[in-house]
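Worksheet: one structure, shown below.
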Amino acid sequence: QQQVKQSPQSLIVQKGGISIINCAYENTAFDYFPWYQQFPGKGPALLIAIRPDVSEKKEGRFTISFNKSAKQFSLHIMDSQPGDSATYFCAAYIPGSNYQLIWGAGTKLIIKP
Amino acid sequence: ETGVTQTPRHLVMGMTNKKSLKCEQHLGHNAMYWYKQSAKKPLELMFVYNFKEQTENNSVPSRFSPECPNSSHLFLHLHTLQPEDSALYLCASTLTGGNTGELFFGEGSRLTVL
């Protein structure tokens with residue numbers, strides 16, 4: 001129940017295409033869903049996040065789609081660029097858990113020029 | 001310096017060595033974390049400190065010993081490690097009571113145990 005399942009494990013997308021990464025969860029107590037981006041040799045950094053009271057959040061080329069009934073959320077990267085090549089982690093947070101996140105296993109995204 | 005700084009960036013040690021990883025944050029945060037990152041696995045939370053007090057120890061073996069002398073510094077003391085402990089160790093910090101609970105990570109310490 002504490003897991004966040006992320007897919008795919010790896011993804012190759014052509015430059016200009018749409019990258020889609022999916023996550024699913026079981027625990028309905030989760031109330032904050034961030035995505036972190038990690039470049040090689042760097043630590044993860046917050047990319048975008050959503051709360052379950054909205055179905056979509058967009059920041060530039062990055063969009064989170066959230067389906068509360070299906071307990072799924074996904075990251076869409078529009079017009080994917082080689083600079084987007086990184087590992088992406090979804091996560092979920094339980095209120096009152098001392099800011100501990102439950103993490104997905106990560107998706108290694110490669111954007112081909 | 002700004003952000004979260006981890007030293008050393010790379011460490012190679014034998015199974016009988018004693019070494020320490022250091023983390024320092026200049027963000028005014030009050031909570032600090034140690035995570036273990038292994039390939040193709042979710043980040044594993046090891047320890048959480050909130051206002052210098054350890055609030056979580058996720059069943060981490062005693063060969064890993066954390067120390068948090070103040071809200072800006074965090075150490076991970078390593079002793080008698082096993083080869084399976086080889087991984088990237090990430091430090092993170094956040095401001096509890098803030099709006100988002102965003103974690104700020106350091107660049108990690110890559111540990112290799114021979």
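The values are calculated or read from the model by the stated rules, or taken from the named source; none is laboratory data. Nothing here was measured: the structure is a model prediction, and the numbers come from that model. Positions of Cβ are generated from backbone atoms using ideal geometry, with glycine treated the same way; all protein chains shown enter the neighbour counts.
Looking at B:Arg9, B:Arg110, can you tell me which residue is more than 20 Å from A:Phe89 (Cβ to Cβ), surrounded by fewer than 18 Cβ atoms within 10 Å (Cβ to Cβ) and within 11 Å of chain A (Cβ to nearest Cβ)?
Answer to the selection: B:Arg9.
Go through (1) modelled with pLDDT of 95 or more; (2) surrounded by fewer than 13 Cβ atoms within 10 Å (Cβ to Cβ); (3) more than 16 Å from B:Glu102 (Cβ to Cβ) and name the single condition A:Glu59 misses.
(3)
Which is within 21 Å of A:Gly41 (Cα to Cα) and in contact (Cβ under 8 Å) with a residue 60 or more places away in the chain, of B:Thr96, B:Thr112?
Working: B:Thr96 fails: within 21 Å of A:Gly41 (Cα to Cα).
Residue meeting the stated conditions: B:Thr112.
Going by what's in this entry, would A:Phe73 be described as closer than 26 Å to B:Leu45 by Cα, more than 14 Å from chain B (Cβ to nearest Cβ) and touching a residue at least 24 places away in the same chain (Cβ under 8 Å)?
Working: closer than 26 Å to B:Leu45 by Cα: yes; more than 14 Å from chain B (Cβ to nearest Cβ): yes; touching a residue at least 24 places away in the same chain (Cβ under 8 Å): yes.
Yes.
Given the conditions (1) touching a Leu at 6+ places or on another chain (Cβ under 6 Å); (2) modelled with pLDDT of 95 or more; (3) at the interface with chain A (Cβ under 9 Å from one of its Cβ atoms), which single one is not true for B:Glu102?
Evaluating B:Glu102 over (1) touching a Leu at 6+ places or on another chain (Cβ under 6 Å); (2) modelled with pLDDT of 95 or more; (3) at the interface with chain A (Cβ under 9 Å from one of its Cβ atoms) leaves (2) as the failure.
Quick check on region A:21-50: of everything there that is surrounded by fewer than 16 Cβ atoms within 10 Å (Cβ to Cβ) and among the aliphatic types (A, V, I, L, M), which residue is farthest from the other protein chains (Cβ to nearest Cβ)? It would help to see each step written out before you state the result.
First pass over region A:21-50, keeping only residues surrounded by fewer than 16 Cβ atoms within 10 Å (Cβ to Cβ): A:26-29, A:31, A:39-42, A:45.
Cutting the leftovers down to among the aliphatic types (A, V, I, L, M) gives us A:29, A:45.
On the way: A:Ala29: 15, A:Ala45: 7 Å.
Only one residue fits best here, namely A:Ala29.
Can you name the residue in region B:28-38 that is of a type outside the set (Ser, Thr, Tyr) and surrounded by 13 or more Cβ atoms within 10 Å (Cβ to Cβ) and, of all such residues, is nearest to the other protein chains (Cβ to nearest Cβ)? Walk me through how you get there before you give the answer.
Filtering region B:28-38 for residues of a type outside the set (Ser, Thr, Tyr) gives B:28-32, B:34, B:36-37.
After this cut, where a residue has to be surrounded by 13 or more Cβ atoms within 10 Å (Cβ to Cβ) as well, the list is B:29-32, B:34, B:36-37.
Numbers: B:His29: 10, B:Asn30: 10, B:Ala31: 6, B:Met32: 11, B:Trp34: 12, B:Lys36: 11, B:Gln37: 9 Å.
The residue in question is B:Ala31.
From the residues in region A:71-82 that are of a type in the set (S, T, N, Q) and more than 23 Å from A:Phe30 (Cα to Cα), which one is surrounded by the fewest Cβ atoms within 10 Å (Cβ to Cβ)?
The first filter runs over region A:71-82 and keeps only residues of a type in the set (S, T, N, Q), leaving A:72, A:74, A:80-81.
After this cut, where a residue has to be more than 23 Å from A:Phe30 (Cα to Cα) as well, the list is A:80-81.
Working: A:Ser80: 23, A:Gln81: 14.
This residue is A:Gln81.
From (1) at pLDDT 95 or above; (2) more than 21 Å from B:Cys91 (Cα to Cα); (3) surrounded by fewer than 16 Cβ atoms within 10 Å (Cβ to Cβ), pick out the condition that doesn't hold for A:Ser85.
It is condition (3) that A:Ser85 fails.
Return the only residue of A:Ala91, A:Ala105 being outside any loop (DSSP other than H, G, I, E, B), within 11 Å of chain B (Cβ to nearest Cβ) and either in contact (Cβ under 8 Å) with a residue 24 or more places away in the chain or touching a Leu at 6+ places or on another chain (Cβ under 6 Å) (or both).
Numbers: A:Ala105 fails: outside any loop (DSSP other than H, G, I, E, B).
After applying the criteria, what remains is A:Ala91.
Name the single residue that is nearest to the chain's Cα centre (by Cα) among those in region A:1-52 being more than 26 Å from B:Leu88 (Cα to Cα) and free of Cβ contacts under 8 Å to residues at least 40 places away in the same chain.
The residue in question is A:Ile50.
Among the residues of region B:39-82, what is the count of those that are among the acidic types (Asp, Glu), surrounded by 13 or more Cβ atoms within 10 Å (Cβ to Cβ) and either within 14 Å of chain A (Cβ to nearest Cβ) or under 17 Å from B:Phe104 (Cβ atoms) (or both)?
2
Checking A:Asp53 against (1) closer than 29 Å to B:Phe51 by Cα; (2) away from every other protein chain (no Cβ under 14 Å); (3) not aromatic (Phe, Trp, Tyr), only one condition comes out false. Which one?
(1)
Does A:Ser97 qualify as being polar (S, T, N, Q) and outside any strand (DSSP E or B)?
On the way: polar (S, T, N, Q): yes; outside any strand (DSSP E or B): yes.
When the stated conditions are applied, A:Ser97 passes them.
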